[in-house]
1. In degrees between 0 and 90, to the nearest 10, how far off the longest principal axis of the chain does helix 118-140 point, with axes built from Cα atoms?
2. Where the only charges are on Cβ atoms (+1 Lys, Arg; -1 Asp, Glu), what is the dipole of the chain about its Cα centre, to the nearest 20 debye?
3. Calculate, for residue 32 and residue 67, the FRET efficiency according to 1/(1 + (r/R0)^6) with r their C-beta to C-beta distance and R0 22 Å; round to the nearest 0.05.
4. Would you mind counting up the charge near residue 43? Only other residues with Cβ under 10 Å from its Cβ, with Lys and Arg at +1 and Asp and Glu at -1.
5. Enumerate lysine pairs in the chain that are 8 or more residues apart or on different chains, then count those whose Cα atoms are under 14 Å apart.
6. Below 8 Å, C-alpha to C-alpha, sequence gap of six or more: please give me the relative contact order for the chain in percent.
7. Out of (1) 18.2; (2) 17.2; (3) 16.0, which label holds the value of Kirkwood radius over Cα pairs in Å that was computed here?
8. Rounded to the nearest 20 Debye, what is the dipole magnitude of region 112-152 about its Cα centre when Lys and Arg each give +1 and Asp and Glu each give -1 at the C-beta?
Amino acid sequence: MSGAYRSFAHRVDIDVPVQRVWRAFTDSRLLEKWTARGATVTPREKGSLRAVFGGIEHDSHIDVLTVPQRMRLILMPTRGMPAGEAAIVEDFLFERLSLKASAVRLLSSGVPSAPVWVTYYLQKRRHWELALTRLKVFLEKGLDEQPPEPRY
């Protein structure tokens with residue numbers, strides 16, 4: 001299976017304006033609330049997005065950033081990722097469905113289909129399905145609009 005890769009696509013519709021969805025991805029304070037403690041984002045081309053979810057480290061380079069339509073991430077090698085020279089890409093597309101609804105599409109590609117990568121691929125796929133469901137609940141319940149908790 002040399003040269004073969006796994007890909008997947010996932011879509012979630014969210015009943016909030018696309019600007020709120022975009023902000024949840026590009027504001028570290030909000031990103032941390034729906035992904036994992038310590039998650040950070042530097043929202044610009046050549047920026048980064050970092051988080052650890054369910055034991056999987058996600059350290060990525062922002063390759064393309066089109067406000068508020070697209071964020072393409074190139075994953076960097078991390079702990080738990082099998083050794084190899086894979087160029088794993090996660091492309092998030094943000095679509096306005098109406099004034100009060102949007103869709104997030106994730107197109108993930110580049111995970112080698114070699115047996116050593118199967119567990120990583122399945123964990124990553126499951127993680128993003130759960131994370132985007134958490135994002136939907138987080139935004140639809142208005143948790144992104146609550147004032148930040150004071151830090152003493």
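What follows draws every value from the coordinates through simple rules; no lab data is involved. Given the structure is predicted, the values throughout are model-derived calculations rather than measurements. Cβ placement follows ideal geometry from the backbone for every residue including glycine, while neighbour counts extend to all protein chains displayed.
1. The two axes meet at around 10 degrees.
2. Numbers: 23 positive and 17 negative charges, 28 e Å.
That gives a dipole near 140 debye.
3. Values: r = 20 Å, r/R0 = 0.93.
Efficiency at R0 = 22 Å is approximately 0.60.
4. Values: positive: 23, 44; negative: 27, 45.
Neighbour charge sum, excluding residue 43 itself: 0.
5. Details: 33/136; 33/141; 100/136; 100/141.
Number of lysine pairs found: 4.
6. Numbers: 290 pairs, mean separation 43.9, N = 152.
So the answer I get is 29 percent.
7. Only one listed value fits the structure, namely (3).
8. On the way: 7 positive and 5 negative charges, 48 e Å.
In debye, rounded to 20, region 112-152 gives about 240.
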